[in-house]
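For reference, the structure is listed below as structure tokens.
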Amino acid sequence: MNEKPLPRVTALTRPFWDAIQREELHLQRCDECSAWVYYPSAWCRACYSARLTWTPCAGTGSVYSFSIVHYPQSEAFAADVPYVLAIIELTEGPHLMTNLVNCALDDVRIGLPVRMSVEARAGGFKVPQFEPAQRSGRQATPL
Amino acid sequence: MHESRRAAPLTNSFRPAAAAIAAVSELKPGRYPDCDDRELYHQVLRKFLSEWPVSPRDIDGLLASPSGMAAGVSSNIFIHEHLGEDLGIRPVFSETINAGGATHGLMVQRAALAVAAGRAEGVLCIAAGSFPKVREGGAAANARMACHPDFDFLYGPFIVPLYAQAATRYMHESGTTKEQLAKVAVATRAWALQNPDALMRERGPLTVRDVLDSRPIASPFNLLDCSVPCDGGAAVLVASPALARRLNPQPAFVLGCGEAHTHANISQATDLIRMGGAIAAEQAYRMAGLTPADINLAELYDSFSFNPVLNVENMGFVPRGEGGRFWDAGRGAPGGDLPINTYGGLLSFGHTGDASGMSMIVEGALQIMGRAGGRQVAPAKVALVHSYGNIMSEHSVLILGRQS
Ligand SMILES: [Zn+2]
């Protein structure tokens with residue numbers, strides 16, 4: 001448990017992870033009713049259509065809720081405390097759980113505008129993270 | 001996300017008071033290092049059979065909750081068959097079921113429905129549990145089940161920061177403060193001081209300052225906002241009114257019950273304020289023909305100090321956003337007008353892992369039976385018992401009462 005976890009990548013989820021490796025956020029969107037679908041799914045959760053298309057998202061959103069974690073879940077996260085576990089509301093609507101990174105703890109708040117960044121884990125595999133859209137004291141670099 | 005479309009007919013087939021909790025027994029919470037999982041169930045059975053005039057021959061139904069779930073592995077999902085064999089009985093209604101902390105409330109509901117339908121006469125509901133030590137990898141193994149293993153799990157979640165998502169959002173929307181959360185822990189400790197079995201009784205009273213000064217775990221929760229992990233277990237016999245009256249002059253009748261499941265991942269919950277407990281409570285009130293004003297006392301699953309703040313709202317005791325004020329006013333504390341968690345709660349009685357959802361049922365039933373000793377509240381004609389599993393994913397509400 002000393003390495004941070006990696007996902008199992010399946011045929012269903014591969015397009016999501018392939019896009020993340022290119023530092024892009026793609027989610028499925030329903031061809032019938034235009035609903036965004038997350039997690040990757042074989043059907044639309046709004047209308048149950050099976051016609052879904054992987055579609056780029058803006059990679060922006062805001063903090064919907066969060067917790068500042070002082071006691072690590074496991075050894076893999078021990079070096080990160082305090083770390084922020086957050087629910088991000090994407091501009092497109094879906095909620096994702098990630099960490100909030102590159103953010104002073106005093107600045108963490110509900111409604112904080114955020115944008116996607118990536119974190120490289122074992123073998124260089126990238127997972128999505130979110131950080132403040134305007135980074136304090138530094139010029140933000142676009143994705 | 002669609003609400004189930006069937007609202008009205010859901011509760012009509014169950015006659016209120018067609019079943020009752022006839023007998024309850026619970027182990028003193030603590031550590032039982034010399035018991036393996038199976039022996040902990042046996043300890044519960046021995047206590048139950050010694051405290052009540054029940055013969056195994058009175059038991060024709062047996063529902064068990066699996067142990068080991070809190071650590072992310074179940075040691076035996078056939079435990080109901082083993083316990084039936086160990087008791088020398090051949091039940092006609094039996095299974096091992098899991099809905100996390102709601103398991104035990106749902107066992108009582110399933111048992112009451114079976115008794116009301118004539119499928120069984122006496123259904124023993126049993127649980128034994130140990131709460132794994134967080135450091136031993138239990139937190140990660142458990143989190144892998146409590147949230148999506150390939151998405152949410154990647155970010156270091158465990159039970160505390162997952163619940164905290166709901167608390168942070170609720171506090172943001174309602175203006176509730178950490179002091180108000182702390183008042184739940186303080187009130188619950190005050191109840192524990194009146195319960196000789198409560199784990200934290202020896203520690204004496206708590207103050208709001210103690211809670212705020214305790215070690216931060218995951219905001220907004222400090223150590224003393226969290227329940228106390230331990231081992232334990234309990235048994236509850238749900239019986240027909242005739243059998244119940246033979247065993248106990250004042251059984252706790254099941255007047256109403258409700259159940260709701262709303263999400264698997266807290267990140268995907270569409271409403272962090274009005275949660276499944278509110279849906280389950282509405283069903284239970286409708287079935288019982290009662291309103292929140294009829295409730296004399298409530299036992300509300302309190303894995304964290306926040307949860308009874310939210311759930312006095314979701315149970316309909318106060319309007320939206322006023323949970324914090326309920327605790328400010330001391331309404332749930334000893335001497336308050338709506339006693340809450342009269343046994344000391346998971347916060348100060350102890351959280352027995354896989355058996356935790358039993359503690360509030362046992363207490364609710366004891367209060368109705370008039371057997372709660374020095375902490376007996378009056379009047380105790382109607383009690384509400386709410387429990388939930390996973391990250392407030394699955395909810396059970398029971399309304400227990402004296403009248404048949
Ligand atoms: Zn659709």
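The values are calculated or read from the model by the stated rules, or taken from the named source; none is laboratory data. Worth saying up front: this structure is predicted, and the values here are computed from it rather than measured. Neighbour counts are summed over all protein chains in view; Cβ atoms, including those assigned to glycine, are modelled from backbone coordinates with ideal geometry. Note: areas computed on protein heavy atoms with side chains; ligands, DNA, RNA excluded. Shrake-Rupley method; radii C 1.70, N 1.55, O 1.52, S 1.80 Å.
The single residue among A:33, A:47, A:103 that is crowded, with 21+ Cβ neighbours inside 10 Å, free of Cβ contacts under 8 Å to residues at least 60 places away in the same chain and not polar (S, T, N, Q) turns out to be A:103.
When each of B:103, B:96 is tested for being open to solvent by 10 Å² or more (accessible area, probe 1.4 Å), hydroxyl-bearing (Ser, Thr, Tyr) and out of contact with any Asp or Glu (no Cβ under 7 Å at 6 or more places or on another chain), the lone residue that passes is B:96.
Based on what the data block shows, is residue A:100 away from the ligand (no atom under 16 Å from the Cβ) and under 25 Å from residue B:222 (Cβ atoms)? So residue A:100 fits the description; yes. Scanning region B:148-171 for residues that are in contact (Cβ under 8 Å) with a residue 12 or more places away in the chain, more than 7 Å from every other protein chain (Cβ to nearest Cβ) and either in contact with a Pro (Cβ under 6 Å, 6 or more places away or on another chain) or not in a helix (DSSP H, G or I) (or both) returns a single hit, B:167. Residue B:127 passes every criterion in (1) assigned to a helix (DSSP H, G or I); (2) surrounded by 20 or more Cβ atoms within 10 Å (Cβ to Cβ) apart from (1). Region B:180-298 holds helices (runs of 4 or more DSSP H) entirely within its bounds, and those carrying 2 or more residues that are in contact (Cβ under 8 Å) with a residue 60 or more places away in the chain and among the hydrophobic types (A, V, I, L, M, F, W, C) map to B:241-247, B:276-288.
So which residues in region B:345-366 are over 15 Å from residue B:126 (Cβ atoms) and in contact with an Asp or Glu (Cβ under 8 Å, 6 or more places away or on another chain), if there are any at all? Across region B:345-366, the qualifying residues are B:345, B:346, B:347, B:349, B:360, B:363, B:364.
Checking the conditions here, which among B:36, B:86 is surrounded by fewer than 16 Cβ atoms within 10 Å (Cβ to Cβ) and closer than 30 Å to residue B:140 by Cβ? Going through B:36, B:86 in turn, just one is surrounded by fewer than 16 Cβ atoms within 10 Å (Cβ to Cβ) and closer than 30 Å to residue B:140 by Cβ: B:36.
For the criterion of being at pLDDT 95 or above, on the phi < 0 side of the Ramachandran plot and either of a type in the set (A, V, I, L, M, F, W, C) or surrounded by 20 or more Cβ atoms within 10 Å (Cβ to Cβ) (or both), residue B:14 fails.
Checking every residue in region B:355-372 against the condition of being open to solvent by less than 10 Å² (accessible area, probe 1.4 Å) and over 19 Å from residue B:191 (Cα atoms) gives at least one match.
Residues in region B:339-363 that are part of a helix (DSSP H, G or I) and closer than 25 Å to residue B:182 by Cβ: B:345, B:346, B:347, B:348, B:349, B:353, B:356, B:357, B:359, B:360, B:363.
Across region A:114-139, the number of residues qualifying as surrounded by 13 or more Cβ atoms within 10 Å (Cβ to Cβ) and modelled with pLDDT of 95 or more comes to 16.
The residue that is farthest from residue A:4 (Cα to Cα), among those in region A:74-87 that are more than 7 Å from chain B (Cβ to nearest Cβ) and part of a strand (DSSP E or B), is A:86. Is it the case that region A:52-74 has a residue that's among the β-branched types (Val, Ile, Thr) and farther than 25 Å from residue A:133 by Cβ? Checked against the condition, which is being among the β-branched types (Val, Ile, Thr) and farther than 25 Å from residue A:133 by Cβ, region A:52-74 yields at least one hit.
Answer with yes or no whether residue A:71 is within 26 Å of residue B:168 (Cβ to Cβ), within 7 Å of chain B (Cβ to nearest Cβ) and within 16 Å of the ligand (Cβ to nearest atom). When the stated conditions are applied, residue A:71 does not pass them.
Here region B:307-338 is the region considered, the condition is being among the charged types (D, E, K, R) and assigned to a helix (DSSP H, G or I), and the residue that is surrounded by the most Cβ atoms within 10 Å (Cβ to Cβ) is B:313. If you filter region A:11-58 down to residues that are part of a loop (DSSP other than H, G, I, E, B) and among the polar types (S, T, N, Q), you find that the one that is farthest from the ligand (Cβ to nearest atom) is A:13.
Among the residues of region A:117-124, not a single one is of a type outside the set (Phe, Trp, Tyr), more than 10 Å from chain B (Cβ to nearest Cβ), assigned to a strand (DSSP E or B) and within 16 Å of the ligand (Cβ to nearest atom). Scanning region B:200-237 for residues that are under 20 Å from residue B:138 (Cβ atoms) and within 16 Å of the chain's Cα centre (by Cα), we see that the one that is nearest to the other protein chains (Cβ to nearest Cβ) is B:226.
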